[in-house]
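Visitor: Below is a structure I'd like to ask you about.
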Amino acid sequence: MANYIKGNFKRAIYQTEKGYIVGLFKVKEVEGEDLEFYINHTLTFTGYFHELTEEDTYIFYGKLVEHERYGEQFQVESYERVLPEEKDSIVEFLSSGLFKGIGDKTAQNIVDCLGKDTLNIILENPNNLLLVPSVTKKQITTLHNTLVEYESSYQTVLQLNDLGFTTKDSLIIYNKYKMKTTEVLENNIYQLMEDIEEITFKKVDAIFLKQEGSKRDDERRIMASILYAMQEVCNLYGHSYLKKEEVFVYCVRSLGNSIGQNDFNSALERLIREVKVVEKDENYYLKELYEAEMNIASRCGYLMRKQDNYDKKLEKYLEEVGTTFQCHYNEQQLEAIRNSFTKNLLIVTGGPGTGKTTIIQAICELYKNMNRLSHQSLVEEIALLAPTGRASKRISEFTLLPAVTIHRFLKWNKENNKFAINEFCKSDVKMVIIDEFSMVDTLLFDHLLKGIRYDTKIILVGDYNQLPSVGTGQLLKDMIESEKINVVSLQELYRQKENSNIISLAYQINEDRLDTSIFNRQEDLTFIPVASNRLKQEIIEVSSLYKKKLQSFQVLAPMYKTINGIDLLNTSLQEVFNPKSKSKKEIIINSVLFREKDKVIQLTNMPDENVFNGDIGYIESIENGTKKEIVIDFDGNLVRYTSANFNKFKHAYAISIHKSQGSEFDTVVLPIVKGYGKMLYRKLVYTAVTRCKKKLYLIGEIDALELAIKNNNTDIRQTSLKSRIIENINV
């Protein structure tokens, strides 16, 4: 029999619009040995519910879990409401306030007259209440309608369960539509995937096809598959739009069956009429991507047309800043700093070591001095932002000013995927500086623009040649190539000497050439030729030289799978850097062995714990008994993980190049062999090379490196922001 607790809901501690509740429950009865302690005690619970009332008795099915911060909780997987059966309980229920206008005396009269089956008698026929003296017609209507609604909500959730939705999904659906749930299901079940992020096309489609009378060429199904296919392809390849023939091919693939061209055309045209898809110049956009590009282009146009501002005192204060930081800025850097004050929109771009972060520091100090601001006032007027937690920490460490991710600045709520800072509640900051802008996608930048005032000064800093965002678009590339936006391109090297072989290699990669004499000429750049089947062993041998320098050492690989992929490399490198020991506890998670002192990388944002996607830490301790717990040390920030979130980190002896963006390491090992296939392309290799500060090892096949440098086509994205900016500014 499943574990359960039976009792009464006391109150909610935390609640979301989708029905997720953290609350307190007074336990009266249990099933399960671990739960007996809680009889007649209050227990914290979590789960999804359509509604909970203090008057009802509930049975919660689930399990007892240990939360990393809040201790023991009962995790509810499903539940049922128990209608009151004893007369006294029914009187208490009817007079609870759920039924307006029914007091203790009236409730007692009803139960005295109708007996312990009162509730079913009312549901069967409200006229049965006429047998009760002094009950008015208004009270009869209230009692019956409220009871019907009360019961139908529960029955609707059961109906969703019967269709094939999980209890969690069913409750999310019901909390979205309430009494209109059945109507939505009957009219168009695919509406669920449009309105609710957690409900996918595949889930809805499988349920639809099981229903009697469903047709594989139903127009609603084809329309839904078009939206699904466009979303998936744009997310996968970073496109803003697709061509009609592309939409058709992916639509057929998502449906799993062939459809007629006429049926497809009809469904696509209807989506355009309903403004869910936008057609422009024979390109097809999802509405939100089209509007995002238009909004970005419009803001760029406004800021570029807005009159420049020039303060005569600028040069004086600029000289003072140089003295403060004991820095002699070159002409390009001076131009970037000046333009950040005179222009309303500015892009500062440059390769590694050209001083981009130095410029951010100077801009902040100059802004403070020119406006005679205190440290606190400066923080209120300038927002220092980055797309990742690791990148924002790096800016903060350099400028000694608070810097945050764009999501945190916009006060992102992960429960409903909405931003508290938006077009209806804007931030008052006067200047926004975004570092690592090449990593920012179209939709996120659109949300940021909506969340700041229309005349807020914007400075975008990034490397034009790095990988584009994981999400849709290629903002930095499109904005620079429009040639309509103020751009300062930094060329002079500062971080390393101009004759640094690492920097020289990075520039050669961008210039589509490779002079192999650059390798092994100095200590900073080494190429080790080795066949694919010997690659892992060579990486192990090189890594062994850095056993005591793990924190500043990193292996970067293009992909997770294959014999030379990240997953297998981590298994081998674990034995190099953190071999088995009697003094180190171990735990197996999804067939992967972790032990104390392992190097790991965070995979998702956990803002409450001040740990973010891409942060690297070390396992401090492991508890692998009845209570499973792992504590990870992120630069002094100890974060506790329980089995519920063991999937939020991985080994980090080797990490992906994408995950390394925004980070720098003293020593980098870059394996490169033809077996990496489609992952061998110019921007990926360039990004890996530019993560390295002092010593770079390339290990593998020279022709694989040459192939990657020549391949500049893999990351071509279909976007129209460049043309939108040109059109907007030319108006």
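The values are calculated or read from the model by the stated rules, or taken from the named source; none is laboratory data. Since this is a predicted model, take the numbers as computed values, not measurements. Ideal geometry is used to build each Cβ from the backbone, glycine not excepted, and the neighbour counts take in all protein chains shown. Heavy atoms of the whole protein, side chains included, go into the accessibility calculation; ligands, DNA and RNA do not. Shrake-Rupley method; radii C 1.70, N 1.55, O 1.52, S 1.80 Å.
Visitor: For a quick size check, give me the Cα extents of the stretch 1-148 along its three principal axes, largest first, whole Å.
Guide: 56, 32, 23
Visitor: I would also like to ask the following. Classify the stretch 606-731 from the C-alpha gyration tensor, please: rounded if a/c falls under 1.5, else prolate or oblate depending on whether a/b exceeds b/c.
Guide: oblate
Visitor: What value does the chain have for Rg/Rh, both radii from Cα atoms and Rh as Kirkwood defines it?
Guide: The Rg/Rh ratio comes out at 1.03.
Visitor: Distance between Cα centroids, the stretch 328-377 to the stretch 556-608: provide it in whole Å.
Guide: 40
Visitor: How would you rank 328-339, 611-622, highest first, on the average number of other Cβ atoms within 10 Å across their residues?
Guide: 611-622, 328-339
Visitor: Report the residues of the stretch 433-453 in range of a label on residue 298: point 7 Å along Cα→C-beta, backbone N strictly under 17 Å from it.
Guide: Answer for this model: 443-453.
Visitor: So how do 209-215, 445-451 stack up, highest first, on mean other-Cβ count within 10 Å?
Guide: 445-451, 209-215
Visitor: Under 1.5 on a/c is rounded, so check that first for the stretch 464-536, then, if it is not, pick prolate when a/b is larger than b/c and oblate when it is not; a ≥ b ≥ c are the square roots of the alpha carbon gyration tensor eigenvalues.
Guide: In terms of gyration-tensor shape, oblate.
Visitor: Which FRET efficiency, nearest 0.05, do residue 65 and residue 420 yield, Cβ-Cβ r, R0 30 Å?
Guide: My answer for the efficiency is 0.55.
Visitor: Between residue 149 and residue 41, with labels modelled 7 Å along Cα→Cβ, what's the label distance in nm to one decimal, could you check?
Guide: 3.9
Visitor: Could I ask something else about it? Accessible area per residue of the chain at 1.4 Å probe, in Å²?
Guide: I get 47 Å² per residue for the chain.
Visitor: Under a crude label model (7 Å from the Cα following the beta-carbon direction), how far is residue 184 from residue 275 in nanometres?
Guide: Using points 7 Å along Cα→Cβ, the separation is 2.1 nm.
Visitor: With a 1.4 Å probe and every protein chain kept in, tell me what percent of the accessible surface of the chain is carbon plus sulfur.
Guide: 47
Visitor: In the chain, if the dipole is taken from +1 on Lys/Arg beta carbons and -1 on Asp/Glu beta carbons about the Cα centre, which of 388, 148, 123 is farthest to the positive end?
Guide: The residue sitting farthest along the positive end of the dipole is 388.
Visitor: Separation of the stretch 224-254 and the stretch 263-319 by C-alpha centroid, Å?
Guide: 21
Visitor: Now for a separate question. Return the FRET efficiency for the residue pair residue 522, residue 243: r is the Cβ-Cβ distance, R0 is 35 Å, and the value is rounded to the nearest 0.05.
Guide: Result of the calculation: an efficiency of 0.10.
Visitor: Right, next: Using 0.36 nm per residue of separation minus the Cα-Cα distance, give me the extension gain between residue 411 and residue 561 in nm, one decimal.
Guide: 50.5 nm
Visitor: State which entries of 548/695; 536/582; 180/414 exceed 22 angstrom in Cα-Cα distance in the structure shown.
Guide: 536/582; 180/414
Visitor: How would you rank 395-406, 308-319, highest first, on the average number of other Cβ atoms within 10 Å across their residues?
Guide: 395-406, 308-319
Visitor: With a cap of 13 neighbouring Cβ atoms within 10 Å, and only residues DSSP puts in a loop, list the trypsin sites (Lys or Arg not before Pro) found in the stretch 41-92.
Guide: Qualifying residues, ordered by number: 69.
Visitor: Evaluate the Debye formula for the stretch 393-519 with equal point scatterers sitting on the alpha carbons, no solvent, and hand back log10 of I(q)/I(0) at q = 0.10, 0.13, 0.23 Å⁻¹, in q order, two decimals.
Guide: Here log10 of I(q) over I(0) equals -0.43, -0.69, -1.51.
Visitor: Stretch residue 376-residue 702 to full length: gain in nm at 0.36 nm per residue minus the Cα-Cα span?
Guide: Difference between extended and current length: 112.1 nm.
Visitor: Going by Cα centres, the stretch 409-484 and the stretch 1-80 are how many Å apart?
Guide: Taking the Cα centre of the stretch 1-80 as reference, the centre of the stretch 409-484 is 41 Å away.
Visitor: Compute from the Cα atoms of the stretch 125-276 the Rg and the Dmax, the latter being the longest Cα-Cα distance, and quote both in angstrom.
Guide: Values for the stretch 125-276 (Cα only, Rg and Dmax): 20.9, 72 Å.
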